[in-house]
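Please read the structure below before turning to the comments.
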Amino acid sequence: MRSFILGTDWGEDVDDCLAVRILLRAHKKGEIDLLGVGINTRTELSCSSLYAFMENEGVIVPIGIDKTSDCQVQNISYQKILAPLAPPSMTNDHFEDAVRLYRRLIAQAKGKVEILEIGFMQVINGALMSGADDISPKTGLELFSEKVERVWSMGGKWDQQGGLEYNYSKYPFTREGAHSFVKNCPVPITFLGWEIGSGVITGGSASDDDILARALIAWGGEKGRESWDPMLAHLALCGSPELAGYDCVNGRASVDSDGKNYFEIGNGPHQYVTKAKPDSYYINEINNLVK
């Protein structure tokens, strides 16, 4: 069984809810082993709202959070409707630091691990660049080299050189994290860029009594939301771009200190996907997974 760690900017956008649902349901069906979820943004409701969403799905896995993140989430409306469903008095302090969570889950995994990043990159970069500690005598680079199979990243804008995309460029720490991680990661990375999910609207078919529909409506996406994060979840679950309905461009990616992405086509450890099918195909795939 394939094992996954998920990193999410939970609260920044509502498409994270669709992606988390897809992965939790795959875990519940025994299709994957979701080892844990790291939150790379921070509000006072981050962990409690994610915990409540998981509990509603009937799946609880370890949660970690970047306790140093200073990003200012603009719209926490769906966190506000989810957090009251969590156990009383639950706060971020009840949960592990996200970098430690990554290190622990990778070090303790019995086999190879795949990592999905649908948010900012400072946590996964922190794990990659970490030193030996009480969890493991190995550095992050050693752990990734030995135990991580592939990273799946929703980030970048790969239809142009020098593209700028939110996850890689929004804040100074996200730019630094993306630049460092793409440069230093010793394992393959598959990128799904902004241009793939833009205009692919999913989630609007959720029934009114569904907590997902409530989250979408609270955020302002009652007709659905563009599908960057659930499309990456679907891609990763399929395991190959071709099976998920994509073509690939292979080579070597880079992200500069301003968050701009570049790609050198050829032999290399990286690939980004392009659509091989009409948008209706991806809309049906995602809606079938979340309804």
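Going residue by residue through region 10-23, is there one that turns out to be part of a loop (DSSP other than H, G, I, E, B), within 28 Å of Phe173 (Cβ to Cβ), of a type outside the set (A, V, I, L, M, F, W, C) and in contact with a Ser or Thr (Cβ under 6 Å, 6 or more places away or on another chain)? Spell out the reasoning first.
Just the residues of region 10-23 that are part of a loop (DSSP other than H, G, I, E, B), to begin with: 11-12, 14.
Then keep just the ones that are within 28 Å of Phe173 (Cβ to Cβ); that gives 11-12, 14.
Checking the rest, the ones that are also of a type outside the set (A, V, I, L, M, F, W, C) come to 11-12.
Next cut, in contact with a Ser or Thr (Cβ under 6 Å, 6 or more places away or on another chain) only: 11-12.
So far as region 10-23 goes, yes, one or more of its residues are part of a loop (DSSP other than H, G, I, E, B), within 28 Å of Phe173 (Cβ to Cβ), of a type outside the set (A, V, I, L, M, F, W, C) and in contact with a Ser or Thr (Cβ under 6 Å, 6 or more places away or on another chain).
Condition check: polar (S, T, N, Q), closer than 21 Å to Asp70 by Cα and more than 13 Å from the chain's Cα centre (by Cα). Does Ser145 satisfy that? Criteria not met by Ser145.
Tell me which residues, restricted to region 196-206, are in contact with a Lys or Arg (Cβ under 8 Å, 6 or more places away or on another chain) and among the hydroxyl-bearing types (Ser, Thr, Tyr).
If the condition is that a residue be in contact with a Lys or Arg (Cβ under 8 Å, 6 or more places away or on another chain) and among the hydroxyl-bearing types (Ser, Thr, Tyr), then Thr202, Ser205 are the ones that fit.
Inside region 218-245, can you point out the residues that are crowded, with 18+ Cβ neighbours inside 10 Å and small (Gly, Ala, Ser)? Result: Ala218, Gly221, Gly224, Ser227, Ala233, Ala236, Ala244, Gly245.
Highlighted here are the helices (runs of 4 or more DSSP H) found entirely within region 189-291 that include at least 1 residues which are among the aromatic types (Phe, Trp, Tyr) and closer than 16 Å to Val14 by Cα: 194-197, 211-219, 228-238. Just so you know, in region 24-42 the residues that are of a type in the set (D, E, K, R) and outside any helix (DSSP H, G or I) include one that is surrounded by the most Cβ atoms within 10 Å (Cβ to Cβ), and it is Arg42.
Just checking, does region 118-128 include any residue being part of a helix (DSSP H, G or I) and either of a type in the set (Gly, Ala, Ser) or exposed (fewer than 15 other Cβ atoms within 10 Å of the Cβ) (or both)?
Yes: one or more hits.
Are any of the residues in region 239-260 within 15 Å of the chain's Cα centre (by Cα) and not hydroxyl-bearing (Ser, Thr, Tyr)?
no
Kindly indicate whether any position in region 267-275 is touching a residue at least 40 places away in the same chain (Cβ under 8 Å) and at positive phi. No, because not a single residue in region 267-275 is touching a residue at least 40 places away in the same chain (Cβ under 8 Å) and at positive phi. Within region 61-98, the set of residues being touching a residue at least 60 places away in the same chain (Cβ under 8 Å), in a helix (DSSP H, G or I) and farther than 25 Å from Lys28 by Cα comprises Ser77, Lys80.
All of the numbers you see were taken from the coordinates with simple rules; none came from a lab. Being a predicted model, the structure only gives us computed values, none of them experimental. Note that each Cβ is placed from the backbone with ideal geometry, even for glycine, and that neighbours are counted across all protein chains shown.
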